[in-house]
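Input: a single structure, listed below in C-alpha cells.
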Amino acid sequence: DIIGINRITYLHFGIYIGDNRVIHYQGDGDIGINNYVIETSMSEFMNGQTQYFALDFEHINEEVKDKFGINRFDKIYSGWETVERAKSKLFEKNYNLIFNNCEHFASWCKTGSKEMRQCFSFLHRRYYKY
C-alpha cells in the first residue's frame with residue numbers, strides 16, 4: 001500500500017502496486033517542477049535510498065479511534081482498491097507542494113482523503129531494507 005522514503009529534507013510517498021512497481025508523483029529534481037503521477041520501478045522510487053517504510057493504516061485508525069472515540073478515516077481501501085485508485089491518477093499533473101503533493105496523493109488512494117497526519121503515520125511505520 002503506502003510506502004515512503006526519507007529524502008533528507010522531506011518524506012516521499014508512493015503506492016506500492018506489486019512486481020517491484022510504485023505509483024507516485026515524480027518531476028524534474030526535488031523541487032517540484034513538472035511533477036506528475038507516474039509508475040516507476042522500486043529502484044527509481046528509492047532514488048539511491050537503502051531503506052523504505054510502509055504505513056500500517058489499520059493501527060493508525062485504531063489508535064485514533066481509541067483516543068478520541070472517532071474513526072480517523074471514513075474508509076480504508078483494500079490493497080487492490082488502493083492500487084486501482086492510484087492507477088486512475090496516472091499522468092495527472094495537478095501537483096502542488098502545499099495542497100496536492102505525494103503525501104496527499106498516497107493518502108487519497110488509501111483513504112479517499114488527502115489528509116494524512118504525519119504524527120500518526122510516524123508512529124505506524126514498518127521499516128524494511130531495500
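Things to note:
- Distance in nm between pseudo-label sites at Gln49 and Leu90 (7 Å out along the Cβ direction from Cα): 2.3 nm
- The simple Förster model, with R0 at 35 Å and r as the Cβ-Cβ distance, assigns Glu81 and Asp28 a FRET efficiency of 0.65.
- Between Tyr10 and Ile98, the simple spin-label model (points 7 angstrom out along Cα→Cβ) gives 1.3 nm.
- Label-point separation, Ser41 to Tyr128 (7 Å along Cα→Cβ), nm: 1.7 nm
- Given a 1.4 Å probe and the protein chains as shown, Phe91 ends up with an accessible area of around 140 Å².
The values are calculated or read from the model by the stated rules, or taken from the named source; none is laboratory data. The shown structure was predicted, so the numbers you read here are calculated from the model rather than taken from an experiment. Backbone-built Cβ (ideal geometry, glycine too); neighbour counts: all protein chains shown. Note: areas computed on protein heavy atoms with side chains; ligands, DNA, RNA excluded. Shrake-Rupley method; radii C 1.70, N 1.55, O 1.52, S 1.80 Å.
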